[in-house]
Amino acid sequence: MDIKVNVREAKGDCSVVDLSGEIDVYTSPKLKDAIGSLIDRGVYNLVINLEKVRYIDSTGLGVLIGGLKRVREHGGSVNLVCTNPQIKKIFDITGLVMIFGIFDGEDAALKALV
Amino acid sequence: MNAQAQREATPDVVELRIPAKAEWVSIARLAVSAVASRLQFSIEEIEDVKLAVAEALVHAIARGGDRVDLACESVPEGLRIRVRNFGGPVQPEAVNVVTADEGSMGNLGIFLIRALMDSVDYDARSDGNTDLVMFKHLPS
């Protein structure tokens, strides 16, 4: 089990982080490094695309929350693209739907950032 | 009681022992998914059980020790899962968290277990370690 992370530049000063695979206690450090690297380079507006993510646990949620906290310190934000009902359910029951912008498509997620 | 009746009265138990390392959690997730599937849980319920067990394993690994034992017990009402850690006792207040706390991922894991399973209890053992016992009812 692994996770693939691909970072793309988008319009404005936004970046899109495409993820595929499973985000768990073993793979989440890779995601943390990718997000941390973007923030260190001054990218504070992120869309994280979870459409190809099959599984996420609390450590993965923690990485996303940590990233959001860091970009907010610089006036930025993180929007998520999520269509998997099981993953949406996790954001619902943890109340994280109130913290993240969650969208069905990348265009809408980017539009809400800029 | 004849031999067949005795077999039917005894719960089926599937056990797994993994090293207390993050890279083995996915193996346990797969095993628990297979057990839950065998018991005719729905796909959504299987996902619930899988995540709850993974969170319990993460919690157990974080406590230390060299291994974590997992036991899945099939009973007529559903599936009972016991996660045994060998890293010392768990503070009882750790299981009484009822709201997601953005500042604490450990608490978020316990919150998820409580939200996804029908019951969650801690069973303190005489050796000072603790079992986390979860139950998921089969739909009636």
- Note on the structure: Accessible-area order for B:Met117, A:Met98, largest to smallest, probe 1.4 angstrom, reads A:Met98, B:Met117
- Message: Give me the percent relative contact order of the range B:15-137, please, defined on Cα pairs under 8 angstrom at least 6 residues apart.
- Response: 25
- Task: Report the semi-axes of the equivalent ellipsoid for chain A in whole Å, largest first, where each axis is √(5λ) for an eigenvalue λ of the Cα gyration tensor.
- Result: 19, 16, 13
- Compute the label zone of A:Ile99 within the range A:2-28: residues whose backbone N is under 18 Å from the point 7 Å along Cα-to-Cβ. A:23-25, A:28
- Message: So with the 1.4 Å probe, I'd like the accessible area per residue for the range B:15-137, rounded to whole Å².
- Response: 45
- Item | In the A-B interface, the accessible area buried, summed over both sides, Å² (probe 1.4 Å) | 1900
- Message: Can you give the longest run of chain A that contains no trypsin sites (Lys or Arg not before Pro) sitting in a DSSP loop with at most 15 other Cβ atoms inside 10 Å?
- Response: A:42-114
- Considering only protein heavy atoms and a 1.4 Å probe, what is the carbon-and-sulfur percentage of the accessible area of the range B:15-137? 50
- If the limit is 20 Å between Cα atoms, which of A:Lys52/B:Lys136; B:Lys21/B:Lys136; A:Lys30/A:Lys111; A:Lys4/A:Lys111; A:Lys52/A:Lys89; A:Lys30/B:Lys21 go over it? A:Lys52/B:Lys136; B:Lys21/B:Lys136; A:Lys30/A:Lys111; A:Lys4/A:Lys111
- Gyration tensor (Cα) of the range B:15-137, equivalent ellipsoid semi-axes in angstrom: 21, 17, 14
- Query: What's the center-to-center distance, using Cα atoms, between the range B:36-71 and the range A:14-60 in Å?
  - Reply: 23
- For the protein assembly as shown, taking Cα atoms only, what is the radius of gyration to one decimal and the Dmax to the nearest whole Å? 19.8, 75
- Query: Which residue, A:Asp57, A:Asp24, A:Asp92, has the most motion in a Gaussian network model of chain A that connects Cα atoms within less than 10 Å?
  - Reply: A:Asp92
- At least 40 Å² of accessible area lost relative to the chain alone, listed for the range A:7-31 with a 1.4 Å probe: A:Val25, A:Tyr26
- In whole Hz, the Karplus estimates of ³J(HN,Hα) for the range B:121-131 (6.51, -1.76, 1.60; θ = phi - 60°; x where Gly or Pro) are 9, 9, 10, 6, 9, 5, 7, x, 8, 9, 9
- Note on the structure: With every protein chain kept in place and a 1.4 Å probe, the residues B:Asp123, B:Asp48 fall, from largest accessible area down, as B:Asp123, B:Asp48
- Query: Hey, what number do you get for the protein assembly as shown at 222 nm if only DSSP H runs of n ≥ 4 count, each worth -39500 (n - 2.57), divided across all residues, to the nearest 500?
  - Reply: -12000 deg cm²/dmol
- Message: Per-residue Cβ counts within 10 Å, from other chains only, averaged over B:41-47: what number is that?
- Response: 2
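The values are calculated or read from the model by the stated rules, or taken from the named source; none is laboratory data. Since the structure is predicted, the reported quantities are computational estimates derived from the model, not experimental observations. When we count neighbours, we look across all protein chains shown, and the Cβ atoms used for this are built from the backbone with ideal geometry, even at glycine. Please note that ligands, DNA and RNA were not included when accessible areas were found on the heavy atoms of the full protein model with its side chains. Shrake-Rupley method; radii C 1.70, N 1.55, O 1.52, S 1.80 Å.
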